[in-house]
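Below you'll find the structure, written out as structure tokens, and then a few comments.
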Amino acid sequence: MSADPVRARRLRDLALLRRVRDRIDREYAQPLNVENLARGVHMSAGHLSREFKRAYGESPYSYVMTRRIERAMDLLRRTDLSVTEVCFAVGGSSLGTFSTRFTELVGMSPTAYRDLARSAPGELPPCVSRQVTRPVRNREAAAVAGS
């Protein structure tokens with residue numbers, strides 16, 4: 001009997017976490033912080049962070065940054081915006097922080113990524129491009145390289 005309320009709460013939390021993830025996907029360029037995200041689903045920031053990481057394997061902050069970097073990669077491939085313009089277009093507030101995080105996730109600087117993308121022959125279909133160009137964190141890259 002006691003498992004039913006626990007299960008019901010877990011399912012409710014998962015639905016709320018999906019709402020948070022969907023909000024991040026929609027509003028990645030807006031100023032987002034864990035406190036505001038948690039307030040939007042009536043959770044504490046700590047509970048949201050723990051449950052989000054348990055459900056999705058990364059913290060809400062990391063998820064926001066991943067979305068921003070994915071969008072930045074797309075803008076760097078497809079537009080002539082400067083790296084600074086791309087940084088602010090995806091919600092970055094500091095070019096230094098953006099470049100550092102981009103380099104951590106992608107493995108090269110935004111400028112190097114743009115140069116590589118421009119030298120690549122042809123355009124990949126969007127469905128393939130999203131999969132191939134998804135940022136990989138250093139710990140994930142090390143695991144893939146060791147396989």
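The values are calculated or read from the model by the stated rules, or taken from the named source; none is laboratory data. Here the structure is a predicted model, which is why all the values come from computation and not from measurement. In this analysis, Cβ positions are derived from the backbone assuming ideal geometry, glycine residues included, and neighbour counts consider all displayed protein chains. The area values use the complete protein model at the heavy-atom level, side chains included, leaving out ligands, DNA and RNA. Shrake-Rupley method; radii C 1.70, N 1.55, O 1.52, S 1.80 Å.
Brief remarks on what is shown
- The label-point distance for Ser109 and Thr97, in a model that sets each label 7 Å from Cα toward Cβ, rounds to 2.1 nm.
- Carbon + sulfur, % of accessible area of the stretch 26-129 - ligands and nucleic acids excluded, 1.4 Å: 56
- Fully extending the segment from Ser119 to Leu81 would add 12.0 nm, taking 0.36 nm per residue of separation and subtracting the current Cα-Cα distance.
- Counting only the Cα atoms, the stretch 1-82 fills a convex hull of 89 Å³ per residue.
- For the stretch 44-93, dividing the convex hull volume of the Cα atoms by the residue count gives 66 Å³ per residue.
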